[in-house]
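Colleague: The following block contains the structure, expressed as structure tokens.
The values are calculated or read from the model by the stated rules, or taken from the named source; none is laboratory data. Keep in mind that this is a model prediction, so the values were computed, not measured. In this analysis, Cβ positions are derived from the backbone assuming ideal geometry, glycine residues included, and neighbour counts consider all displayed protein chains. In case anyone asks, the SASA skips ligands and DNA or RNA and just uses the protein heavy atoms, side chains included. Shrake-Rupley method; radii C 1.70, N 1.55, O 1.52, S 1.80 Å.
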Amino acid sequence: MGMERIAAMLEIKNIQKIYEHQLLLKGISFQVKQGETVCLLGPSGSGKSTLLRIIAGLEYPDGGDILWEGQKINSVPVHKRQFGLMFQDYALFPHRNVADNVAFGLRMQGLKKEEIEERVRTALKQVGMEAFAHRRVTDLSGGEQQRVALARALVPRPRLLMLDEPLGALDRALREQLTGEIRSLLHHTEIPAIYVTHDQEEAFTVADSLVLLSDGRVIQMGAPDEIYNNPGSRWVANFLGMKNFLKGKVISQHPLTLETRYGMMKSSYSRCGNLGVGEETELLLRSSGARVVPLEDANCGTNCLEGVVEDVVFQGENYRVIIVCGEKDHFQINLENRPDVGDRIRLEFEAESILCLE
Ligand code: ADP
Ligand code: MG
């Protein structure tokens with residue numbers, strides 16, 4: 001393979017959509033490469049489904065282009081795009097059995113009976129449902145119905161697979177299991193895919209690449225770990241579940257030292273580098289960089305927070321501890337040992353775990 005660039009299969013360029021004189025999609029651009037799973041992650045109402053319908057050809061954009069292998073496909077009708085779609089409401093035909101549901105699209109294409117049977121068998125095997133071929137779909141559980149819907153989306157061998165919150169209706173354990181299975185299926189088949197979800201854990205599991213959407217705009221994109229390690233804004237950090245924010249003002253640069261309402265904080269986070277003296281920034285204190293230090297008579301030093309334990313939540317591997325500092329600032333950290341509610345606690349943060357946000 002080497003260092004060669006993998007070409008984009010699908011290219012979305014500056015897509016805009018207007019509804020009732022409102023700009024709903026505000027110029028969205030991203031790419032999907034060969035074999036890659038791109039996850040569109042954003043809160044409900046951020047425009048994910050609208051964008052997916054435009055890519056599928058079910059709706060027309062008011063601005064921008066959709067390219068497949070460099071060719072504009074804005075005007076290509078849905079069925080000629082050869083994109084597979086899977087939605088949360090699987091819309092299987094209730095009076096047909098599993099195999100007939102999966103075979104439906106192939107019959108429409110006029111394929112030979114033997115080929116249809118062979119392809120249906122393969123698709124059902126890929127989703128672990130080969131033993132269910134002759135079951136009525138109404139006798140299946142929600143998770144099994146979603147597997148059938150996935151087989152039905154795969155069987156025409158789409159050039160691109162699009163999944164819109166496919167597991168949204170399932171309970172957590174089943175969702176986790178199916179997310180893992182979809183991940184390995186997509187990697188195994190090497191079908192480029194767009195996976196839409198509002199759930200960050202699901203997104204981290206399936207995505208090679210993440211596109212974060214909010215209010216019809218791309219807020220940040222990149223590999224999941226890159227985004228997690230370098231959230232570009234407070235909004236991103238908050239959406240990914242990070243909680244510890246604190247305003248700071250730069251008072252000197254090497255090392256970067258900031259004044260906050262809880263004393264001085266030094267940061268060695270590389271992306272803080274271009275902040276000038278006097279500038280204000282939002283700091284993110286990473287829970288993973290915190291350790292409990294003994295309470296002493298002296299005040300807290302640099303990179304230190306002191307507060308009272310307000311709540312302790314058991315999480316299996318550790319405890320999530322909520323600490324109140326001052327009047328009403330809440331911070332969260334994970335600790336192996338359970339403190340008591342009401343305990344006074346002092347934390348010290350490593351300089352590399354203090355990030356600057358916008
Ligand atoms: P998501 O899938 O991220 O939840 P949607 O794409 O479904 O977001 O919707 C984005 C916004 O567009 C929502 O505020 C929704 O109310 C609005 N919207 C979606 N479809 C239409 C439509 N056909 N007419 C008017 N508004 C719409
Ligand atoms: Mg949606």
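Colleague: Using alpha-carbon positions, what is the distance between the centroids of the stretch 163-234 and the stretch 42-105, in Å?
Modeller: Their Cα centres are 18 Å away from one another.
Colleague: For the stretch 74-147, what is the accessible area per residue in Å², given a 1.4 Å probe and the full set of protein chains?
Modeller: 60
Colleague: In the Gaussian network model of the chain, springs joining C-alpha atoms below 10 Å, which of Asp139, Asp89, Asp225 carries the largest mean-square fluctuation?
Modeller: Asp139
Colleague: Using DSSP to call loops (not H, G, I, E or B), can you name the trypsin sites (Lys or Arg not before Pro) in the stretch 165-254 whose Cβ has at most 15 other Cβ atoms within 10 angstrom?
Modeller: Passing both the DSSP loop test and the Cβ count: Lys243.
Colleague: Another one. Any idea which of Ala298, Met265, Leu285 is furthest toward the positive side of the dipole for the stretch 195-302, if Lys and Arg beta-carbons carry +1 and Asp and Glu beta-carbons -1?
Modeller: Selected residue: Ala298.
Colleague: Another question, then. Report, for the chain, the % of DSSP beta bridges that are antiparallel, rounded to 5.
Modeller: 75
Colleague: Moving on to the next point. Can you count the Lys pairs in the stretch 69-167 with C-alpha separation below 22 Å, eight or more apart or on different chains?
Modeller: Summing the qualifying lysine pairs gives 4.
Colleague: Just to confirm my understanding: which cysteines in the chain have no other cysteine beta carbon less than 4.7 Å from their beta carbon?
Modeller: So, Cys39, Cys325.
Colleague: For the stretch 60-169, which trypsin sites (Lys or Arg not before Pro) pass both filters: DSSP loop (anything but H, G, I, E, B) and at most 12 other C-beta atoms within 10 Å?
Modeller: In loop regions of the stretch 60-169 (DSSP not H, G, I, E or B), the sparsely surrounded trypsin sites (Lys or Arg not before Pro) are Lys112.
Colleague: Compute the accessible area per residue over the stretch 247-358, keeping the other protein chains in place, probe 1.4 Å, unit Å².
Modeller: 58
Colleague: Under the 0.36 nm per residue contour assumption, what length would be gained going from the current alpha-carbon distance of Arg159 and Glu352 to full extension?
Modeller: Residue separation times 0.36 nm, minus the Cα-Cα distance, leaves 65.2 nm.
Colleague: Okay, next question. Top mean-square fluctuation among Gly57, Gly70, Gly142, Gaussian network model of the chain, C-alpha springs under 10 Å?
Modeller: Of Gly57, Gly70, Gly142, the Gaussian network model singles out Gly70 as fluctuating most.
Colleague: Roughly what percent of Cα-Cα pairs across the stretch 8-238 reach past 29 Å?
Modeller: So the pairs more than 29 Å apart make up 28 percent of the total in the stretch 8-238.
Colleague: Roughly how many percent of the accessible protein surface of the stretch 5-143 is carbon and sulfur, given a 1.4 Å probe and a whole-percent answer?
Modeller: Heavy-atom surface of the stretch 5-143 belonging to carbon and sulfur, 1.4 Å probe: 50 percent.
Colleague: With n ≥ 4 as the cut-off for DSSP H runs, can you work out [θ] at 222 nm for the chain, using -39500 (n - 2.57) per run divided by the number of residues, rounded to the nearest 500?
Modeller: -7500 deg cm²/dmol
Colleague: Also, quick follow-up: Which value, in nm² and rounded to one decimal, describes the direction-averaged projected area of the C-alpha convex hull of the stretch 51-178?
Modeller: The directionally averaged projection comes out at 8.9 nm².
Colleague: Taking the Cα centre as origin and putting +1 on Lys and Arg beta-carbons and -1 on Asp and Glu beta-carbons, what dipole magnitude results for the chain, to the nearest 20 debye?
Modeller: That gives the chain a dipole magnitude of about 1380 debye.
Colleague: Pick out, in residue order, every one of the GluC sites (Glu not before Pro) in the stretch 165-272 that is DSSP loop and has at most 12 other C-beta atoms within 10 Å; say none if there are none.
Modeller: Taking the stretch 165-272 and a limit of 12 other Cβ atoms within 10 Å, the loop GluC sites (Glu not before Pro) found are Glu190.
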